[in-house]
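A short write-up of the structure that comes next.
The values are calculated or read from the model by the stated rules, or taken from the named source; none is laboratory data. Remember, it's a predicted structure, so these values are computed and weren't measured experimentally. Cβ atoms come from the backbone with ideal geometry, glycine included; neighbour counts cover every protein chain shown.
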Amino acid sequence: MENRFVNYNYRPFRIVRESGTMIRALARQALKGRWLEAFVLLLAAWAISSLPSYLAAILDIQWINFITGIYSIVISGPVSLGVSYYFLKLFRQRPAQISDLRYGFEYFSKALLLYLSMAIRVFLWSLLFVIPGIVAAFKYSMAPYILADDPNKSPSQCLMESTMMMTGNKMNYFLLLLGFIGWAILASIPQSWIGVKAVERYNDSYFYFRDPQILVQIINDTAYSLKGFIATLPEFFVRVYILVSTACFYDLANGNLMVGGFNYGPASGSVENPYSGESVPFRDVPPQTAADSEDSPGEGGEN
């Protein structure tokens, strides 16, 4: 297997040569027996970051919508960091639990600053055109994992390292994500069906009511019904699959994991190659994620 490294001031980053099929297979292997656990964690993350906005939209009170909108922006950074921390631990086959979401709040200011920096940069690149915005999103996609791996790094350093890590890897990551499109379409069918039913209800009732507001009312009533929420649940499982695969991609790109018999010496974890059955070792990783979950991640909030 050809291995080509990109050397920078921080550490060598590897051009990922493993196929998307291999990465997804490794992700499924790491998820054995843990799908439900990961699903519940994502559901908890959604509830923390989005449930207030979800409920506020039902009430349709402008000032509440504004407050919950600000809340969602502020809380998304720490929640995203906690999710990244959890999925790194899960892929590395270490004990992980829902309480790992608190990790992001241990480093609240760094997580928030990183989230805002990423959002602003992607938005500014998107002003040029859609494609530059997508490229920017890929360029900074590894930053939350870098901060989760080493919270002593600053947000700017995480963005810089992500840029370096994704040099030569953006297309590889795009192809990896492209492999999930079938699952994403399949998971969206229940939600799409509910939307079609809402329009049908509007068409059937328009002759009698002829009220232009009825479509908004029906769609809102449907979207915020229990049936509408349940219809989105398959998408959470797809998201779990994507996040574990991204954690695998991150460990491949930063050299923590190499599939093909490479051994970095003392390993602190391993995964099984789903095709050969061989145990593939991890190189030693930063103690923040190698430590047991009960260990304190340290004092956060410093930039």
_region 67-97, residues that are farther than 15 Å from L243 by Cα and without any contact (Cβ under 8 Å) to a residue 60 or more places away in the chain_ = I67, T68, G69, I70, Y71, S72, I73, V74, I75, S76, G77, P78
*Of all residues in region 75-105 being touching a Lys or Arg at 6+ places or on another chain (Cβ under 7 Å) and under 11 Å from A148 (Cβ atoms), which is surrounded by the most Cβ atoms within 10 Å (Cβ to Cβ)?*
G82
*asked:* I'm trying to understand the selection: among the residues of region 168-191, which are assigned to a loop (DSSP other than H, G, I, E, B) and within 14 Å of Y241 (Cβ to Cβ)?
replied: G179, F180
*Of all residues in region 1-53, count the ones that are at pLDDT 85 or above, touching a Lys or Arg at 6+ places or on another chain (Cβ under 7 Å) and within 15 Å of G168 (Cα to Cα).*
1
_Can you pull out every residue in region 153-167 that is part of a loop (DSSP other than H, G, I, E, B) and without any contact (Cβ under 8 Å) to a residue 40 or more places away in the chain?_
K153
*When only residues in region 13-51 that are among the β-branched types (V, I, T) and over 17 Å from the mean Cα position of the chain (by Cα) count, which is surrounded by the fewest Cβ atoms within 10 Å (Cβ to Cβ)?*
T21
